[in-house]
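The values are calculated or read from the model by the stated rules, or taken from the named source; none is laboratory data. None of the values given here were measured: they were computed from a predicted structure. FYI the Cβ positions are ideal-geometry reconstructions off the backbone, even for glycines, and counts take in every protein chain you see.
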Amino acid sequence: MNDNGNIAKILNTLDKAVLIEIGLIVAVAMLLVGASQKLLPWLANKLHGKRRLYLLTSVPMLRLLIIMVALILIIPRIIEPSVQNMVAVLGTAGVALGFALKDYVSSLIAGIVAMNEMPYRPGDWIEINGTYGEVTHIGMRVLEIVTPNDTVVFIPHMKLWNELIFNSNRGDVNLQCAADFYLHPRHDADRAKHALHDVALTSPFLQTEKPVVVMVQEKPWGTHYRLKAYPIDPRQQFHFITDLTVRGKAALTSLGMEFATSPAIVEATP
Amino acid sequence: MTETKESRQPLWRIVPVADYAMPAIPAQEITTKKMTALWRLIRGNKREAQSPAKAKEELRTLPEERLARLVPTIDWRQAAKELEVTFEDWLGEEDTSKPIRFLIGPPYGGQTEILQAWGEMSGRTMVEPPTPEQILAQDESWLAHWPTQGRVWVLPNLEHCYLRHASGLALVRQLLERAASGQLGRGLIGCDSWAWAYWQKVWSVPQPEVFALQAFDGERLTAYFCQLARAVGGKAFRVRNSKTGNDVLPPADLDEETRPEISSDLTQLAAHSRGNLGIAWKYWRARLRTEPDAVSTEGQDNEMNTATEKPDATQDTVWLAADLDEPVMPVKTGDDVAFVLHALLLHNGLSVDLLARLLPLSHSQVTATLLQLEALKIVKTQGNVWRVAALGYVTIRKFLRDRGYLTDHF
C-alpha cells in the first residue's frame, strides 16, 4: 500500500485531457521530424557545395531538438515535476532499459554523442569497418551510407565506441582524390611529373582553389606516381579519378613512356 | 534634377585592376525594395497600385533598323584613345623592366576590341593567336615568328592561345615566360577575365602591370546612353520607364556641366551587368520598347524632322520595359552543362570538336548539350564557334559560382 502511495505521488493523474495533450505533442513532434527529414534533404539536394552540406547537417540536429522539446513537454504531464521524482523514475527506467536493450540504448546514446562530436555528418564520405560511402541519413540508432555501387548500408552508431572511422571530407566540400600510375623505371621522371600535374590542372572536375600534388616513389618493379587533387564536388570523386586516369595515361603515352607491367621486369644479366 | 556643378568622371577609364570598382546596388535602394515588397504583401498586392504607365501589351519591340539607329554598336575607339593616354608614359619609357602590360576584361567587356582599335590607330603590330593544332602540338614556330623587336606588339586575345588540355598549356607558358623576361620586346596582351582567373592558377607569377576598363556604374552608364540618345542625327529621344513613367535618361537640354540625377533603372542595370558595358548595352537594347503608332509613322517622322526642329513628344519616346525575361538554366543540370559552359567561358568560345576534345564528353553529348542551351538562349553560335550569350552571362556566372567552379573577378 505504501509503495502504491509513493508511485501515486510520483505520477500525475493521467486523465483524458492529459492523454490527448500527450498524443497531440507526439503527433506534432512526429510530423515535424518527418517533415524535416523529407524536406531538408530534398532541398539540400537541389543545392551544391557548402550550402548542401550545412543543410544536410542540420537534419539530425533539428530532429534531436524536436524530440527534446517533446520530452520536456510530455514528462511534466506524466510525472509530478520534482527533482526526487525525476531521479527516481528516470533512474529506474534507465536501469531497466540498460539491461534489456543494452545495444539499442548504446546506439541511441552513441547517436547523441555523434551529433555533438560530429565524426560524420550527412554529405560526408566515410569508411567504417571497410565500408566506404556517402552518409545520406543519420537516424537515432543507425546511420545510412550509400556506397559507390549504390548499395545502402545501415551502420549502428555504437560502432563509434570501438571502430576507426575514416572521414574523407569532414563536413567540407573538399575531398582529396588520388590516381595512381605505374611506369617502367627507365623514363624522364621530371617530364612525367609535370605532365601529370598538367593533367590535373586541365581536368574540368578540378577544384582549382586546392593544391595539385604529384608524389613519386621508386619501387622494385618501376616508378609509382600518385596524382593527388580535389574535385569541385565530393560526389564527382569517382568520375574525377577516372578522368585523371584516362587523360594521364594518354599524356604519358604521348610522351613515349612505357607503363610497368606484371610480372615485374627482370633485367637480363650480361 | 540636381543643379550642382560637380566634376564628372570621364566616360572611359583604363585603371590598374586593383582599382576596378564593381558597381553595387545602394543599400538604401535595397531597403526601399524590401519595404515595398512588405507593403505589397500587407496590402494584398492591389492592382490599382501597380498599374503601369504603359501596359506590356501596348508596347512593341523596336524594329532592328530603328534599334541600330537609336542604340548603335559600341565604339571602342574612344576607349582605345583613353588607353593611349594612360599608357603614354610606359610607351615612351626606355626602361624595359616592365616589358608587358595586360588588359583584362569580362566577356563582352570589349578588351579585345579596344586593343584591336588601338593597334590600328597607332599602327602597332598585331599578333594572331596560334591555331588549335599549333597549341596542342606545342608548335614553337608560332613564337619563333614573333614580330621584330623594337616595336610594341599587341596580342589582343590570350584566351585563344591555350586550350585546357594536358598538351594545351605549354605554349602560353613559354610565351608568358619569354614576354615577362623581355625576350619578346614590349607588348600589350589582352585577356578575358575567365582565362585570366584560370591562368592565375596555372602560372602564378605576380603581374603588377594589369589594367582593365573601369566598370560602368549608374552615372557612367547614364552618360553613355545620353551620348547615344543625343547622337541620333542630332535628334534627341526620350526614354521612359514603362512601369513608373519616369524618365530614365536626363533631359536632352540639360547643360553638359550639370551633374544629372541617376535613374535607379540605370543604377540597377549597372549592378546587374556587373559594370560590363557590353552586357549593359545588350540589356538596354533588349528592354527598349515602342508604341505601335510610333513604329508605323517612323518613316514619315524621319522625313519631316530635321536637326533643328523640335521633336514630337509621342514619336520620340521609347519605353524601357520594367523587366526582361532573362534566360534561365534548365531545371535539372548535370555536370555536362556546367562543363560546357565553363569551358566556353575559359576560352571565350570554342567549336564542338574542341569541346569534345577538352571535356570527358562525346561529340554527340556536347552537341546535345549545346542545342539544349541554345534553345534556352544561354549560348549562341557564330560560324562553328559557340559562345555564351550576352543576356545569359549573368545567369551562367551565378550558376557556376553556386556550384563551386572557378569564376572571374569581374
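The set of residues from the range A:44-74 being among the hydrophobic types (A, V, I, L, M, F, W, C) and within 17 Å of A:VAL173 (Cβ to Cβ) comprises A:ALA44, A:LEU47, A:LEU53, A:LEU55, A:LEU56. Among the conditions (1) over 23 Å from the mean Cα position of the chain (by Cα); (2) part of a loop (DSSP other than H, G, I, E, B); (3) surrounded by 16 or more Cβ atoms within 10 Å (Cβ to Cβ); (4) away from chain A (no Cβ under 14 Å), B:PRO129 misses just one, which is (1).
Anything in the range A:232-247 that is of a type outside the set (S, T, N, Q), at the interface with chain B (Cβ under 9 Å from one of its Cβ atoms) and under 20 Å from A:LEU47 (Cβ atoms)? List them, or say none. The answer is A:ILE232, A:ASP233, A:HIS239.
In summary, helices (runs of 4 or more DSSP H) completely within the range B:328-410 and bearing 3 or more residues that are within 13 Å of another protein chain (Cβ to nearest Cβ) and in contact with a His (Cβ under 8 Å, 6 or more places away or on another chain) occur at B:352-358. The helices (runs of 4 or more DSSP H) located wholly in the range B:141-244 that include 3 or more residues which are touching a helix residue (DSSP H, G or I) at 6+ places or on another chain (Cβ under 7 Å), more than 14 Å from chain A (Cβ to nearest Cβ) and buried (at least 20 other Cβ atoms within 10 Å of the Cβ) occupy B:218-230. Counting only helices (runs of 4 or more DSSP H) that fall entirely inside the range B:64-120 and contain at least 3 residues that are surrounded by 14 or more Cβ atoms within 10 Å (Cβ to Cβ) and not assigned by TED's automatic domain parsing to the domain that holds B:LEU155, the qualifying elements are B:64-70, B:77-86. Only one of the listed residues (A:VAL142, A:VAL173, A:VAL212) is in contact with a helix residue (DSSP H, G or I) (Cβ under 6 Å, 6 or more places away or on another chain) and at pLDDT below 95. That residue is A:VAL173.
Conditions (1) under 18 Å from B:GLY168 (Cα atoms); (2) crowded, with 16+ Cβ neighbours inside 10 Å, marked per residue:
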| residue | (1), (2) |
| --- | --- |
| A:ALA179 | no, yes |
| A:HIS184 | no, no |
| A:PHE205 | yes, yes |
| A:GLU209 | no, no |
| A:LEU227 | no, yes |
| A:ILE241 | no, yes |
| A:VAL246 | yes, no |
| A:ALA250 | yes, no |
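Residue count for the range B:358-373 under the criterion of being within 17 Å of B:PRO330 (Cα to Cα) and either in contact (Cβ under 8 Å) with a residue 12 or more places away in the chain or in the same structural domain as B:TYR162 (by TED's automatic domain parsing) (or both): the result is 7. Considering A:ASN169, A:ASN116, the condition of being assigned to a loop (DSSP other than H, G, I, E, B) and surrounded by fewer than 21 Cβ atoms within 10 Å (Cβ to Cβ) is satisfied by A:ASN169 alone. Only one of the listed residues (A:ALA192, A:ALA179, A:ALA200, A:ALA229) is in contact with a strand residue (DSSP E or B) (Cβ under 7 Å, 6 or more places away or on another chain), modelled with pLDDT of 95 or more, within 14 Å of chain B (Cβ to nearest Cβ) and farther than 27 Å from A:ASP124 by Cα. That residue is A:ALA192.
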